[in-house]
Amino acid sequence: MKRLALVLILLLAIAGLLGWAISQSAGYVLITYDRFRYESSFWVFLALVACLWLLAVALHWLLGVLQVSGALVNPWSRRHRARRVENASRRGLRELAEGQWSHALAHLRLAADNDRQPLVHYLGAARAANELGEHEQSDELLRKAQEREPEAALAIGLTQAQLQIARGQYAEARASLSALQDEHPRHPYVLALLQQLYVQLEDWPALCRLLPELRKHRVLPPARLGELEVLAWTAAIEQAGQAAEPSEEAVQVLNQRWQTVPSALRGGALVVRAYADGLNRLGAEAKAEEVLFAAIKRQFDERLVERYGRVRGREPARQLAQAEAWLKDHPDNAVLLLALGRLSLRNELWGKARDYLEASLRFDHRPETCAELARLLAQLGDTESSNRLFQQGVGLLDRTLPATL
């Protein structure tokens, strides 16, 4: 109440002061411009200015009211459009995660066309179109994303490469990823996609060249990277040893590939076995025997021992003697005994071969051991025992065959 009284007193004082000023002098205002002429008393001019100011305030308020009401009534108003974009984005992203490709495509396209930051929507819509088999539309959406947000070229390029791999367009994906690698040589996901692509293409030499970058930038966990290194180098060696015709040139290519294998992997059983198999296949059996013997001498491995029993060295007798030396540390190893049986057969030591093969069967019933012994017994004239062993071997193989109706 006191504040209201003070306001009233102040208004009365201002009104009194204004009345006194008007009674003292009416004032005079003259405005001319070219042929325009305006003249009035000062107080009338001041009242006119006040009226214009009040009119401007009223007009501003009216426009504000109309804008609020327009947002509620007009479906194409800015506020309503933002709400529609938000709803389309939310629904489209959910449908994309649920695999509802056609609905996701429609909603994400709507969101992308009306959003100021449409990248996520364009990328999602391109993926949905790709899943529907609409590859041209998918590429068009990625082009629009590039036009709208050129600074997101990396994200768009990665998405394009992913979609190309999913379509089986490996050549196009390789070109896309190579271009991205040139611009972003250290980007982990670019390197990860290249690794996946090379595995798909079985381009083992290219994968081997990429492995140091994968390790340097820690693209994969150490255990997974170690497995990949063994797989890649083993496959690369196998590939080099599969020439159509054995020749010196083919052996030279295989040896050159072997020289590129990192020293830490050259002692691995799988890589050594692949190299020895390639040498054996290309006619360099003596070299294969030397490689296997050196690897087994460093570390005894059944996989290499099994191969050692298959290859033909320069001196079969010496090869048998070298393998027999391993019996001291591995007297009960069925694989070693099988290899010794095979080497004894090569040396035409039929009795020793039979003893080794029978000893191998006592420790482990393997189909190949049954077959080797059955063949030997047939050669020695023991047909009944030979047939029995062949049946045992077939029975062992039958356990690994799929069930039939």
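The values are calculated or read from the model by the stated rules, or taken from the named source; none is laboratory data. This structure is a prediction, so every number in the text was calculated from the model and none was measured. All Cβ positions, glycine included, derive from the backbone under ideal geometry; neighbour counts span all protein chains shown. Surface areas here come from the heavy atoms of the whole protein model, side chains and all, with no ligands, DNA or RNA. Shrake-Rupley method; radii C 1.70, N 1.55, O 1.52, S 1.80 Å.
Give me the distance between the Cα centres of region 172-232 and region 258-297, rounded to whole Å.
The distance from the Cα centre of region 172-232 to that of region 258-297 comes to 26 Å.
Tell me the carbon and sulfur percent of the accessible area for region 252-405, rounded to whole percent, probe radius 1.4 Å.
Of the solvent-accessible surface of region 252-405, carbon and sulfur hold 49 percent.
Quick check: from the Cα gyration tensor, does region 84-148 come out rounded (a/c under 1.5), prolate or oblate?
oblate
Okay, helix-only estimate at 222 nm for the chain: each DSSP H run of n ≥ 4 adds -39500 (n - 2.57), divide by all residues, round to 500 deg cm²/dmol; what do you get?
-24500 deg cm²/dmol
Enter the accessible area of LYS287 (Å², nearest 10), with the probe set to 1.4 Å and all protein chains included.
90
At 7 Å along Cα-to-Cβ for each site, give me the label-to-label distance between GLN196 and GLU151 in nm.
Result: 2.7 nm between the two label points.
Grab the Cα-Cα distance for THR260 and ARG375, subtract it from 0.36 nm times how many residues apart they are, and report the gain in nm with one decimal.
Working it through step by step, the gained length comes to 37.3 nm.
Determine, for each peptide in 160-166, 257-263, 378-384, the mean count of other beta carbons within 10 angstrom over its residues, then list the peptides with the highest first.
Result, highest mean first: 160-166, 257-263, 378-384.
As I understand it, the value is the acute angle between the Cα axis of helix 119-131 and the longest principal axis of the Cα atoms of the chain; what does it come to in degrees, rounded to 10?
Rounded to the nearest ten degrees, it is 50.
I'd like the carbon and sulfur percentage of the solvent accessible area for region 84-148, probe radius 1.4 Å, heavy atoms only, ligands and nucleic acids excluded.
So the carbon and sulfur contribution to the accessible surface is 43 percent.
Of (i) 42, 31, 21; (ii) 93, 24, 21; (iii) 31, 24, 22, which one was derived for semi-axes √(5λ) of the Cα gyration tensor in Å from the structure shown?
So the structure-derived entry is (ii).
Would you mind classifying region 202-354 by shape? Square roots of the alpha carbon gyration tensor eigenvalues, ordered a ≥ b ≥ c; an a/c under 1.5 is rounded, otherwise it is prolate if a/b is larger than b/c and oblate if not.
On the way: a/c = 3.06, a/b = 1.68, b/c = 1.82.
Oblate is the answer for region 202-354, as a/c is 1.5 or above yet b/c matches or exceeds a/b.
Accessible area per residue, 1.4 Å probe, Å², for the chain: what's the number?
Ligands and nucleic acids excluded, the figure is 62 Å² per residue.
Using a 1.4 Å probe and counting only protein heavy atoms, arrange LEU62, LEU292, LEU220 so the residue with the most accessible area comes first.
Final ranking, largest accessible area leading: LEU62, LEU220, LEU292.
Check cross-link reach from LYS297 to the lysines: straight Cα distance under 28 Å, and skip same-chain residues fewer than eight apart.
Candidates past the 8-residue exclusion: LYS287, LYS328, LYS352.
Checking the a/c ratio against 1.5 first, then a/b against b/c, what shape does the Cα gyration tensor give for region 332-398?
Oblate shape, in that a/c is at least 1.5 and b/c is the bigger or equal ratio.
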